[in-house]
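Structure, as structure tokens:
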Amino acid sequence: MTDLKILGMTCQSSAAHVKAALEHVEGVGQADVSYPSGSARVMTAEKVPVEDLLSAVANAGYRAEFKDADQQARDQRAQGPDTAPLADIPLREGPTAGKLHVVVIGSGSAAMACALKSIECGAKVTLIEHETIGGTCVNVGCVPSKIMIQAARIAHLRRTSPFDDGIDAAMPAIHRDRLLAQQHARVTELRKAKYEDILETNPDITLLRGEASFESEQSVVVRGLDGEERSLGFDRCLIAVGARPQIPDIPGLQDTPYWTSTEALETDQIPNRLAVIGSSIVAVELAQAFARLGSRVTILARHRLLSCEDPAIGEALAGVFYEEGIEVRDATEATSVAYSEGGFLLTTNQDEVKADRLLIATGRAPRTADLRLETASVAKNSQGSILVDRAMRTSNPRIYAAGDCTDQPQYVYVAAAGGSRAAVNMTGGKADLDLSTMPAVVFTDPQIATVGYSEAGAAKMGIQSESRTLALDNVPRALANFDTRGFIKLVAEAGSGRLIGVQAVADGAGDIIQSAALAIRNQMTVADLADQLFPYLTMVEGLKLAAQTFYKDVTKLSCCAG
């Protein structure tokens, strides 16, 4: 028997392709391939060289790694704290010693926030997880993507910067395998510290390794990793199962080894040519990262870059991408995808695109299909997202939901805030989740950050507004950095001058936006903002200058003008 780690699988049909390839190897009796765990267990009647198995997987368009005993042990640890068979774990079905029993389905940010807040409020928690502990953010989302993006930024700055006249540039050598090892080490460290260790050392949280689905309005059935099933009642339940990459229905796509963000962040190779289908946050972040690490990148945007944002944002980013050699094809849709001899051929409504790798980044869909929500009387929308109110309650008053599986914005801090508020409400308290001043950041370079209304958003809500846009060549820090790409735009309510929205494209926009969010939350006017003290030679000073443009010409001001 041989265990393999399989990289590049994107759906259940990928697992079927790998299984067929392995079972065609002479001497292989059976291959069990798991898409969720990215692994294969190969049973052989005789000793088959591992190299033959790896080659078979490679010929099918995927990549395999041999798991030695040490690797298997590491993988087991990555799956979370060791647990006994499902039948051997004592479960708290209903109030125990007067304590409320809360079942949490999932182990990501929303789930952990809820579990910890619930025990703080006096409850006992059973947490159910069938995949890797920690959910999307720490394992395959925020953390690994920001590590890769930062590495790409360093590579870019070594290649070119505004100070090349005085500091010699150098072409960096990219060792993706070493960068990936560094990324894996930090992800493992954070998962252990922020998730696994907490679960292992907290006696009020019972971890069940298995897959949950509802069997009634007040109970779930858990199918353990050993195949055993057990019924589990609850007083309150939080659904926090997250989301998975959404795959468009493009003819031929399912038969190819395309990437989602998960595979893109796990690859140890930088492809010569990368095509990206999608134009939202994940698409633009990873497109720029791969381009800076050495890929020739083509983005196929159905409309334009970041089409849900103010048009000026997409235009500014498109200009940056043009300067960096990233090709952006607006109003372009793939009508078919083919793969042969190690390459992709995309037929579009415009022409054809060839690539060595294809990244699908067209959004994320909630993981709710297998929960049997209808059995628990939990309503969802047409996309499968669970409908929740400001208290995170679903249509079943005993069941709450938080995170990417709901109809709320898919940001990890929204998930965590939702999980903690759900815990307060399900244990007798009162806490609402107010998203009116939710900041959002896109980690391109320059960063993109927004909060509140855009002009179009205000108009849609019937709010009359006025706006001002400050070019960054008016911000002293941007001038000192020799980087004036982007802008800061303020949207104010007409008449009152109350600040209701900010959009920024700038180096450090993600740090600027929190000050804007606080100003909006505290109902400050642009005059209030313009009158505040901002430290000189910081990017956040741009907020003050942008506010001043509502009633004066900032190009006529001296430095630090109050």
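The values are calculated or read from the model by the stated rules, or taken from the named source; none is laboratory data. Worth saying up front: this structure is predicted, and the values here are computed from it rather than measured. As a convention, Cβ positions derive from the backbone with ideal geometry for all residues, glycine included, and neighbour counts pool all protein chains shown.
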>> Quick check on my filter: what residues within the stretch 160-180 are in contact (Cβ under 8 Å) with a residue 24 or more places away in the chain and either in a loop (DSSP other than H, G, I, E, B) or over 14 Å from residue 289 (Cα atoms) (or both)?
In response: 162, 163, 174, 177
> From the residues in the stretch 320-336 that are farther than 20 Å from residue 249 by Cβ and assigned to a loop (DSSP other than H, G, I, E, B), which one is nearest to the chain's Cα centre (by Cα)?
Replying inline: 326
>> Of everything in the stretch 50-59, what is touching a helix residue (DSSP H, G or I) at 6+ places or on another chain (Cβ under 9 Å) and either acidic (Asp, Glu) or at pLDDT 80 or above (or both)? Give them in sequence order.
In response: 53, 56, 57
>> Anything in the stretch 132-150 that is assigned to a helix (DSSP H, G or I) and over 12 Å from residue 412 (Cα atoms)? List them, or say none.
In response: 139, 140, 144, 145, 146, 147, 148, 149, 150
>> For the stretch 152-184, give me each residue that is loosely packed, with under 12 Cβ neighbours inside 10 Å, charged (D, E, K, R) and closer than 21 Å to residue 446 by Cβ.
In response: 164
> In this structure, does residue 188 turn out to be among the polar types (S, T, N, Q), in a helix (DSSP H, G or I) and not assigned by TED's automatic domain parsing to the domain that holds residue 482?
Replying inline: yes
> Can you tell me which residues in the stretch 266-319 are part of a loop (DSSP other than H, G, I, E, B) and of a type in the set (A, V, I, L, M)?
Replying inline: 270, 301, 305, 306
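Each row is one residue, and each column tells you yes or no for (1) over 20 Å from the mean Cα position of the chain (by Cα); (2) β-branched (Val, Ile, Thr); (3) modelled with pLDDT under 95.
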site	(1), (2), (3)
106	no, no, no
119	yes, yes, no
143	no, yes, no
154	yes, yes, no
162	yes, no, no
165	yes, no, no
168	yes, no, no
173	yes, no, no
180	no, no, no
>> Whether any residue in the stretch 519-527 is surrounded by fewer than 17 Cβ atoms within 10 Å (Cβ to Cβ) and touching a residue at least 60 places away in the same chain (Cβ under 8 Å) is what I want to check.
In response: yes
> When the stretch 22-49 is examined, which residues are found to be assigned to a strand (DSSP E or B), among the β-branched types (Val, Ile, Thr) and modelled with pLDDT of 80 or more?
Replying inline: 28, 33, 42
> Within the stretch 161-171, can one find any residue that is more than 30 Å from residue 6 (Cα to Cα), assigned by TED's automatic domain parsing to the domain that holds residue 120 and of a type in the set (A, V, I, L, M)?
Replying inline: no
> Take the residues of the stretch 288-340 that are polar (S, T, N, Q) and farther than 26 Å from residue 174 by Cβ: which is surrounded by the fewest Cβ atoms within 10 Å (Cβ to Cβ)?
Replying inline: 340
>> I'd like to verify a number: residues in the stretch 386-414 that are surrounded by fewer than 19 Cβ atoms within 10 Å (Cβ to Cβ) and not hydroxyl-bearing (Ser, Thr, Tyr), how many?
In response: 10
> If you go through the stretch 299-336, how many residues are within 21 Å of residue 160 (Cβ to Cβ) and polar (S, T, N, Q)?
Replying inline: 0
> Just a yes or no: is a residue in the stretch 242-249 farther than 21 Å from residue 380 by Cβ, surrounded by 15 or more Cβ atoms within 10 Å (Cβ to Cβ) and out of contact with any helix residue (DSSP H, G or I) (no Cβ under 7 Å at 6 or more places or on another chain)?
Replying inline: no
>> Among the numbered criteria (1) more than 18 Å from residue 248 (Cβ to Cβ); (2) in contact (Cβ under 8 Å) with a residue 60 or more places away in the chain, which one does residue 339 miss?
In response: (1)
>> It is to be established whether one or more residues within the stretch 206-223 are closer than 26 Å to residue 144 by Cβ, polar (S, T, N, Q) and not in a strand (DSSP E or B).
In response: no
